[in-house]
1. Of Val84, Cys70, Thr116, which is farthest along the charge dipole of the range 1-155 in the positive direction, counting Lys and Arg as +1 and Asp and Glu as -1 at C-beta?
2. Please state the relative contact order of the chain as a whole percent: Cα pairs under 8 Å, 6+ residues apart?
3. How high is the FRET efficiency between Thr88 and Glu126 when r is their beta carbon distance and R₀ equals 22 Å, given to the nearest 0.05?
4. Treating only the Cβ of Lys, Arg, Asp and Glu as charged (+1, +1, -1, -1), what charge dipole size does the chain show about its Cα centre? Round to the nearest 20 debye.
5. Taking all pairs of distinct Cα atoms, average 1/r, flip it, and tell me the Kirkwood hydrodynamic radius of the range 18-94 in Å to one decimal place.
6. Give the relative contact order (percent, whole number) for the range 142-256; include only Cα pairs under 8 Å separated by 6+ residues.
7. How much mean residue ellipticity at 222 nm does the chain get from its helices, if each DSSP H run of length 4 or more adds -39500 (n - 2.57) and you divide by all residues, to the nearest 500 deg cm²/dmol?
8. Specify which residue in the list Ser249, Ser146, Ser23 is farthest towards the positive end of the charge dipole of the chain, using unit charges on the beta carbon of Lys, Arg (+1) and Asp, Glu (-1), about the Cα centre.
Amino acid sequence: MTMQWSHTTWDEMPSKLAVANQSAILPIGATEQHGPHMGCGMDYILADILCRAVAEQVRVPMLPTMPYGCSVGHSQRWPGTIAVTPITLINLIKEIGDWAYASGVRRLFIVNTHVTNAAPLRCALEMLRSAHDDMMVAVFNSATISPRVREFHFADGDDWHANDAETSLMLAKAPDMVRESKLAAADDPDRTDGLVFAHPVNRTSLNGVTGQPSKSSAEKGSVWFDWMVEDLSALVRKGMQETPPLSYSYFSHVHG
């Protein structure tokens, strides 16, 4: 049985959610420039294929992947970026969460593949859990779901983008996203070390890249993707069984 929310009928939804302990996965990506060597949809492609694999493994329904994110920091220097503001993303995720709740979701796992979505998604989390006393929300940032996943993402820069990690993942799982003939000349170093301010990408990169995509390979990407699926699946499984440490109501002084 498919775990895609979009392929599930309304009368199938209650039983599917019940089997998943009222859990659902919401993948959030972005559409933005990824240097001269990679397609602009890399983040949402990764969110989609990663969460599809996890959803099938843990048997949790997956909501449709969000292809747009808070990419305003990429500037308009390079064409291809389609960004929404932080406030728009906050409100959109809050409303998606509200409707998921109405369908029966009580554990919502938001999986984010674009770094600067993190703050708006955290705000949406705060709004959802304050609106729905019996709803638990988690935000997983894909590059930091485990120590080994963090290590390969950050190997060529703290402010990485379109780097070895992302390019290798696409070579392994969506090779049509990568222009291999451009890899050798695509490298650009991380220029953010020691800076006080967070600068937009037009002031930190020559070509939209931060890192070393020239080192990428499909072989590495395949191993790394498997790690991501394994480690994210473990987090979702743990969350499917989690209950709050205490049962006090958000809305009342009375013990729940």
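Taken together, the values in this text are just the output of simple stated rules run on the coordinates, not laboratory data. Since the model is a prediction, treat every value here as computed from it, not as a measurement. Cβ: placed from backbone, ideal geometry, glycine included. Neighbour counts: every protein chain shown.
1. Of Val84, Cys70, Thr116, it is Thr116.
2. Values: 484 pairs, mean separation 54.7, N = 256.
Over the chain, the number comes to 21 percent.
3. 0.85
4. On the way: 20 positive and 28 negative charges, 53 e Å.
It comes to approximately 260 debye.
5. Values: mean 1/r = 0.0738 Å⁻¹.
Kirkwood radius, the range 18-94: 13.6 Å.
6. Numbers: 144 pairs, mean separation 36.7, N = 115.
RCO, the range 142-256: 32 percent.
7. Values: 7 runs with 96 residues, N = 256.
My calculation for the chain gives -12000 deg cm²/dmol from helical runs alone.
8. Ser249
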